[in-house]
Amino acid sequence: MGSFVFIYQRKVLCTGLYGLNRWNKAQARFFTTELNESESQDISRVPNQNKSRLLNQNRNVLLKQVPYSEPHSWIHNTEKYQRKIFGRYGLASGIDPRICFEVKERSDNIHNASEQYSLQQLLSMQKAKTIAQQEAVERRESAIAAKLEKLEQWKLEMRNKVAKKEADALAAKQNKQRMIEEVRRHFGFKVDPRDERFKEMLEQKEREEKKRQKEAKKKAKEDKMMARIVGSTSTNAHS
Amino acid sequence: MAHLRESAEKALKMLRTLPRVQLSNIRPNPNSKKNTKRGRAQHSGDKHGAGNKGSGQRQNYMRLGYETGNNPFYLRFPYEPYYKGHHLRRQYPPISLLQLQVLLDTNRIDSKQPIDITTLCNSGLLRLQPASMEYGFQLTDEGIDRFKAKICIEVQHAKESVIAAIERNGGVIRTAYYDPRSLQAMVNPSKWFEKGVPIPKRLLPPQDAVEYYTSAKNRGYLADPEEISKERLVLAQKYGYELPRIEDDPDYEMLISQKDARQIFYGLEPGWVIGLKDKLIIKSKSLPEEQANREEKS
């Protein structure tokens, strides 16, 4: 690639005066040419070489030369601009190529910002991540398997529950039907269920039914109690 | 005193690069007068600077996102979680083996040189836009039966069948990651060199790509070379072809030329500045490699 190799070192100390060095050099060159010309002929008589009517800087760009010989804007003093000028126009631009290299501390900062982890760290992190994902999947699968084992049992329970509910509803309906039938039998003729008498009778019947149930319950309780008392006395007698 | 002079020079240098003080970058002095009175009559009476008609005058601005009774934009579309982060995902524009074969046959690409992103972009027929999240090329298997070239190629993604097709012809393939900054340099090197900036150092792949580029099966550039040669044999057995011996190949040097994991251009190292005009390579003495060389000499 390169016909020969330049080696420069960039130090912070010597970065300060790039622009000045360069422009001074340019001015010096200008000064010497002026001297030579004043020796030979009057400047005002020299014909203008630039007939293109282009601005000097634009003409320079056209001729692939450095557009400005002096800084015309603060931008021309920035490192970025001077690097670009060196990159484009080479050593002829008069810019010290040391400016192309970044100051060490700044480049270190850039490096740190973009690369937090080493390759080994990245690999181990990725491994940990994949393992965690796999574990989560396995956990979910095992949970599903455990639930599937119980599925048949749960299905049976559900069916029994539904069947019981239906049976209860049917029994209640039949009971009610029976009561209505009884009321009708009491009156001896067909009574409209919406009739007041019918309703009263039905209520009475229901009350009776409830009473009977209550008594039956009470009796059962007493029987139970008695059985216990008898049992305890018999055991006492034994002892 | 040296440090004082140094800091003074630093300050001066900074001053030189700062813009001039002008109306657009100054603000009122602290505690400067601020008029709190609302003018009457001719002294800024009339509308008091609030403008004529509408929200401006009445100072009753609508809440953010409200569209005066329209179905607001932020509520208009249903939730689409499968697009989450799609703007951050890496893209790999495809090139097919057929396309590659055509490029080689029409001498757009020299098969005697290793092929990478720069070669492909320099063909003038393929484009890569690193700024649009394009992270390099993927080689697809279209035209796989008609691919006959022996090449050394570096792409960013390739299928197993594509790897087999290239190795069957006695070629070499590597998959490599480049960060967007490096890609920008690779896509148009002359433009990069004209910036007068050192060649950047290639960064490591992001965490989710590390696994791919360290795997020998994918011929990743971070994989162990011995593992890769083993995987070459495995793939040859799987696809049922005899693996050509690249050691006996006349182009052996070209075929095994690999970039360093930090390198971007063949033959050029990160940290070098390239002067295209004068055909120069400019190196810094502070580069670690140069320091080592100097120590050897002394």
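The values are calculated or read from the model by the stated rules, or taken from the named source; none is laboratory data. Values in this document were obtained by computation on a predicted structure and should not be read as measured data. Positions of Cβ are backbone-derived with ideal geometry, glycine not excepted, and every protein chain shown enters the neighbour counts. Each accessible area value is taken on the protein alone, full model and side chains, heavy atoms only, with ligands, DNA and RNA left out. Shrake-Rupley method; radii C 1.70, N 1.55, O 1.52, S 1.80 Å.
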Normalised alpha carbon radius of gyration of chain B [divisor 2.2 N^0.38 Å]: 1.56
Accessible area per residue in Å² at 1.4 Å probe, computed on the protein assembly as shown: 72 Å²
Accessible-area composition of region B:42-81, carbon plus sulfur, in percent [1.4 Å probe]: 53 percent
Point-charge dipole on Cβ atoms (K/R +1, D/E -1) for region B:72-137, about Cα centre, debye to 20: 240 debye
Chain pair B, A: total accessible area buried, heavy atoms, 1.4 Å probe, Å²: 3900 Å²
Size of charge dipole - region B:130-275 - debye, nearest 20, with Cβ of Lys, Arg +1 and Asp, Glu -1, no other charges: 340 debye
Radius of gyration, Dmax [the protein assembly as shown; alpha carbons; angstrom]: 44.6, 157
Per-residue HN-Hα couplings for region A:58-66 [Karplus 6.51, -1.76, 1.60; θ = phi - 60°; Hz; x = Gly/Pro]: 5, 5, 4, 4, 4, 8, 6, 10, 4
Computed label-point distance, nm, for sites B:Ala41 and B:His87 using a 7 Å Cα→Cβ extension: 5.5 nm
Per DSSP, loop trypsin sites (Lys or Arg not before Pro) in region B:158-262 with at most 10 further Cβ within 10 Å: B:Arg245
Degrees separating the helix B:288-297 axis from the principal Cα axis of chain B, which is the longest one: 60 degrees
Cα centroid of region B:183-207 to Cα centroid of region B:250-264, whole Å: 19 Å
Cross-link pairs A:Lys51/B:Lys195; A:Lys165/A:Lys190; B:Lys13/B:Lys195; A:Lys80/B:Lys191 - those with Cα-Cα distance over 24 Å: A:Lys51/B:Lys195; A:Lys165/A:Lys190
Surrounding net charge for A:Met158, when Lys and Arg each add one and Asp and Glu each subtract one, Cβ distance under 15 Å: +4
Value at 222 nm in deg cm²/dmol, rounded to 500, when DSSP H runs of n ≥ 4 in chain B each add -39,500 (n - 2.57): -9000 deg cm²/dmol
Positive dipole terminus of the protein assembly as shown, leading residue within B:Ala11, B:Thr36, B:Pro180 (C-beta point charges): B:Thr36
For region A:133-234, alpha-carbon Rg over 2.2 N^0.38 Å: 2.05
Aspartates and glutamates whose Cα lies under 20 Å from that of A:Lys199, excluding same-chain neighbours fewer than 8 positions away: A:Glu181, A:Glu182, A:Glu208, A:Glu209
Set of aspartates and glutamates with alpha-carbon distance to B:Lys277 below 18 Å, sequence-local pairs under 8 removed: A:Asp96, B:Glu194
Separation between Cα centres of region B:230-245 and region B:111-172, rounded to whole Å: 20 Å
Those residues of region B:199-220 for which accessible area with every protein chain present is at least 40 Å² below the isolated value (1.4 Å probe): B:Leu203, B:Leu204, B:Gln207, B:Val210, B:Glu211
Unsatisfied cross-links (Cα-Cα over 23 Å) in the set B:Lys150/B:Lys217; A:Lys127/A:Lys147; B:Lys148/B:Lys238: A:Lys127/A:Lys147
Charge dipole (debye, nearest 20) of region A:178-231; +1 at Cβ of Lys and Arg, -1 at Cβ of Asp and Glu: 340 debye
Cβ-based net charge around A:Gln65, under 13 Å, with every Lys or Arg adding one and every Asp or Glu removing one: +4
